[in-house]
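Some notes on the structure that comes next.
The values are calculated or read from the model by the stated rules, or taken from the named source; none is laboratory data. Quantities reported herein were computed from a predicted structural model and do not represent experimental measurements. Neighbour counts are summed over all protein chains in view; Cβ atoms, including those assigned to glycine, are modelled from backbone coordinates with ideal geometry. Side chains included, ligands, DNA and RNA excluded: accessible areas come from the protein's heavy atoms. Shrake-Rupley method; radii C 1.70, N 1.55, O 1.52, S 1.80 Å.
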Amino acid sequence: MINATNISIKYGDRVLMNDVSVSIKPRDRIGLVGRNGAGKSTMLKVLAGESTPDSGQIAMPNGSTLGFLHQEMNLPLGKTVINETLTAFKEVKKLEEIIEKINQELEVRTDYESDSYAKLIDKLTDASDRFEVLGGGSMEKNAEKVLAGLGFKQTDYVRLVDEFSGGWQMRIELAKMLLQTPDYLLLDEPTNHLDIESIIWLEVFLKSYPGAVVVISHDKQFLDTVTNRTVEVELGKLYDYKAPYSKYIQLRKERKEIQGAAFKNQQKVIAQREKTINRFMAKATKTSMAQSMKKQLDKIERIEVEVADTATMKIKFPPAPRSGQVVMNMKKLSKKYGDLLVLNDVDLKMDRGDRLSFVGQNGQGKTTLAKIIVNELNHTGGELELGHNVQIGYYAQNQSDTLHQDYTVFQTIDMKAPPEMRTKVRSILGAFMFSGEDVEKKVSVLSGGERARLALACLLLKPINLLVLDEPTNHLDMLSKDVLKQAIQAFDGSLIVVSHDRDFLADLTNRTIEFRDKKLFDHLGDINYFLKRRALGNMREVELRKKENAKKAKAPKPAASNNGMLTKEQQKEKKKLQRAVENLERKIENVEEEVSKLEMEMGKAGFYESAESAGTIKKHKELKKELEQVMSEWEAAEEALDGF
């Protein structure tokens, strides 16, 4: 168990942590949450031993191991991806060298009966046993499995680390950490550079992780899936809730309400007693009694109501000018970077009011296509035509990094504002939480969250009817993300959003564009519908099923007669398949309803302490497996029906 006791941290006059304590047990799954700047990352650094508090101490069991993934990782360059990943097995490599050295010595030794020979055999046995326990025989297999889960292709394994962006290098560091299996795993924003597929894989991995996990994340769904305990950092204090994120939000609200009610009641009691004391003090016969009552009143422990930091942005996009019915139309569009083909003959049409999400693995061309649409990149083949009166507002993935470092906040937005908006610059900045002296800060000293807010503010300077957002939630805390989502939902124009945040994408779009194998696949519905239709344990199942269905599609189909009319036998077979599809769809609905009921039961307070929990969990797993099987049967039946 890690024990942090009476930790205090100050930056100048600002108190970041005020005499806080927390413990981390061996199998804990903790989400560390709070507003940007509250001190989450600092607390994680203190727990990892990379930062020293002003007072207090950290105690960790002797021999325990700890892994810390933070946001400023610097990998050594010059090695291939697989070789760098295999550095996770340092102890295994040493054992491998010891075993090889002993074997070489044994080859030339002939003193089989001597004590030294027996000791050498014992040493070899111990080293071999330890080698097996640490998975020495399957190092590469395990490394490749984790790398694949985090989105690397086999062809990437032999590429140099130097060739990859910072986000992909972070994945390599994460892979090394997961393979080392430390007793305590501390992760600061591990999902920031992961696509949806890799996030889902990581969720599954962490749920069965043998050690303790402490994670900072702004992905609600990730926190709900991985954690069972939430520690909130707020105004220098820690609040510990034995619940995942969504349940914590509910419990936090209840705590605030109870605290507020208790404060009001106490204030009434105090006011009443003070009134009585004042009345008694005016009478000479009751002065001593009044003084006694005052002493008792002074001893009462006063209830304090915490004033939470709830300040956030106020975003309202201007009304969208009317565009033509067709906002964008691309035909046979391709994009190459040298010899690297990213997009190959893709078609995409977007009508006025359409709201599209771009999803898929990193490197599949989502950001590239967004840049082509906003004319920041040229395509290398095909056509792209924007509709009549289309006016684009674009937030790039690295938008906050492109701001001029030497400009102040005010200069940044003032220079981008058209003449008619100049008088509104300060009110726009105020809406994005820049007021007073804040507007004179240089961009170079702003935090990641402040830069993101400033970049978003620039989108409000002119009317737009096509909003293109590439990873807009990076660096935003939970409250700011919610405000941005509400503003986008109220926006009356067309939308394209690139994001890996499932909670943010939910109910935001009406079409999901999947990027895969240099092609686009258009799905009706939002991200949750897209994932639900596949009953995913992880998105790799989509690929497996599609390969199976592709094989079935290549199988010869029954020949039609009478110029395309179906024979009686074919009609009979078609009806049979239609009934099968209908029955399977009903079954899917029924099983999903049962799963939903069980999950509601499992979300209740005290569920895991109840006697029925084990049976309910087992039933839930069985139903999820059944749902997977039924979905597979439904897809096969649909595929066969498409053949008629």
(message) Quick check on the range 1-8. Is at least one of its residues more than 27 Å from the chain's Cα centre (by Cα) and free of Cβ contacts under 8 Å to residues at least 40 places away in the same chain?
(response) no
(message) What pairs come out if I take residues in the range 119-132 that are closer than 11 Å to Glu105 by Cβ and at pLDDT 85 or above and pair them with residues that are among the β-branched types (Val, Ile, Thr) and open to solvent by 40 Å² or more (accessible area, probe 1.4 Å) whose C-beta lies under 9 Å away, six or more apart or interchain?
(response) Lys123/Ile98; Leu124/Ile98
(message) Return the residues of the range 480-514 that are in a helix (DSSP H, G or I), without any contact (Cβ under 8 Å) to a residue 60 or more places away in the chain and closer than 18 Å to Ile200 by Cα; say none if nothing qualifies.
(response) Phe504
(request) State whether the residues of the range 286-295 include one that is at pLDDT 85 or above and open to solvent by less than 60 Å² (accessible area, probe 1.4 Å). (result) no
(message) Please go through the range 351-364 and give me each residue that is in contact with an Asp or Glu (Cβ under 9 Å, 6 or more places away or on another chain), within 18 Å of Leu524 (Cβ to Cβ) and open to solvent by 40 Å² or more (accessible area, probe 1.4 Å), ordered by number.
(response) none
(message) Please go through the range 434-460 and give me each residue that is assigned to a loop (DSSP other than H, G, I, E, B), open to solvent by 50 Å² or more (accessible area, probe 1.4 Å) and touching a helix residue (DSSP H, G or I) at 6+ places or on another chain (Cβ under 8 Å), ordered by number.
(response) Ser435, Lys441
(request) Output the number of residues of the range 461-479 satisfying the condition of being in a helix (DSSP H, G or I) and crowded, with 23+ Cβ neighbours inside 10 Å. (result) 0
(request) Starting from residues that are over 28 Å from the mean Cα position of the chain (by Cα) and at pLDDT 85 or above, keep the ones in the range 59-73 and report whichever is farthest from Ile2 (Cα to Cα). (result) Asn62
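Report whether or not Ala175 is exposed (fewer than 15 other Cβ atoms within 10 Å of the Cβ) and of a type in the set (A, V, I, L, M).
On the way: exposed (fewer than 15 other Cβ atoms within 10 Å of the Cβ): no; of a type in the set (A, V, I, L, M): yes.
When the stated conditions are applied, Ala175 does not pass them.
Could you check the range 74-129 and list, in sequence order, the residues that are aromatic (Phe, Trp, Tyr) and under 30 Å from Ser165 (Cβ atoms)? Lay out the reasoning, then the answer.
If we filter the range 74-129 for residues that are aromatic (Phe, Trp, Tyr), which is where we start, we get 89, 112, 117.
The one that is aromatic (Phe, Trp, Tyr) and under 30 Å from Ser165 (Cβ atoms): Phe89.
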(request) Give the range 572-587 a look and list any residue that's more than 35 Å from the chain's Cα centre (by Cα), at pLDDT 80 or above and not charged (D, E, K, R), or say none. (result) Gln578, Ala580, Asn583
(request) Please tell me if Ile172 is under 14 Å from the mean Cα position of the chain (by Cα) and part of a helix (DSSP H, G or I). (result) no
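Taking the criterion of being touching a residue at least 12 places away in the same chain (Cβ under 8 Å) and of a type in the set (D, E, K, R), would at least one residue in the range 63-77 satisfy it? Explain how you work it out, then say what you get.
Taking the range 63-77 as the starting set, the residues that turn out to be touching a residue at least 12 places away in the same chain (Cβ under 8 Å) are 64-71, 73, 75-77.
From what is left, the residues that are of a type in the set (D, E, K, R) are none.
Looking through the range 63-77, none of the residues is touching a residue at least 12 places away in the same chain (Cβ under 8 Å) and of a type in the set (D, E, K, R).
Evaluate the following for Ala320: is it surrounded by 18 or more Cβ atoms within 10 Å (Cβ to Cβ), closer than 30 Å to Ile428 by Cα and among the hydrophobic types (A, V, I, L, M, F, W, C)?
Details: surrounded by 18 or more Cβ atoms within 10 Å (Cβ to Cβ): yes; closer than 30 Å to Ile428 by Cα: yes; among the hydrophobic types (A, V, I, L, M, F, W, C): yes.
Yes, satisfied.
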(request) Evaluate the range 180-189: report whether one residue or more is touching a His at 6+ places or on another chain (Cβ under 8 Å), under 26 Å from Ser499 (Cβ atoms), part of a loop (DSSP other than H, G, I, E, B) and open to solvent by 10 Å² or more (accessible area, probe 1.4 Å). (result) yes
(message) Within the range 55-77, does at least one residue satisfy the condition of being open to solvent by 60 Å² or more (accessible area, probe 1.4 Å), of a type in the set (Gly, Ala, Ser) and under 23 Å from Thr181 (Cβ atoms)?
(response) yes
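A quick yes/no check of all residues on (1) hydrophobic (A, V, I, L, M, F, W, C); (2) open to solvent by 40 Å² or more (accessible area, probe 1.4 Å); (3) part of a strand (DSSP E or B); (4) over 21 Å from Glu197 (Cβ atoms):
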position	(1), (2), (3), (4)
Gln104	no, yes, no, yes
Ala118	yes, yes, no, yes
Ile121	yes, yes, no, yes
Leu124	yes, no, no, yes
Ala127	yes, no, no, yes
Arg130	no, yes, no, yes
Glu144	no, yes, no, no
Gly151	no, no, no, no
(message) Go through the range 323-350 and report how many residues are in contact (Cβ under 8 Å) with a residue 40 or more places away in the chain, more than 15 Å from Gly381 (Cβ to Cβ) and surrounded by fewer than 19 Cβ atoms within 10 Å (Cβ to Cβ).
(response) 4
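Return the residues of the range 9-52 that are over 25 Å from Tyr248 (Cβ atoms), of a type outside the set (Val, Ile, Thr) and not in a strand (DSSP E or B); say none if nothing qualifies.
In the first step, residues of the range 9-52 are kept if they are over 25 Å from Tyr248 (Cβ atoms); the result is 10-14, 49-52.
Then drop every residue that is not of a type outside the set (Val, Ile, Thr), which leaves 10-14, 49-51.
Selection gives Gly12, Asp13, Gly49, Glu50, Ser51.
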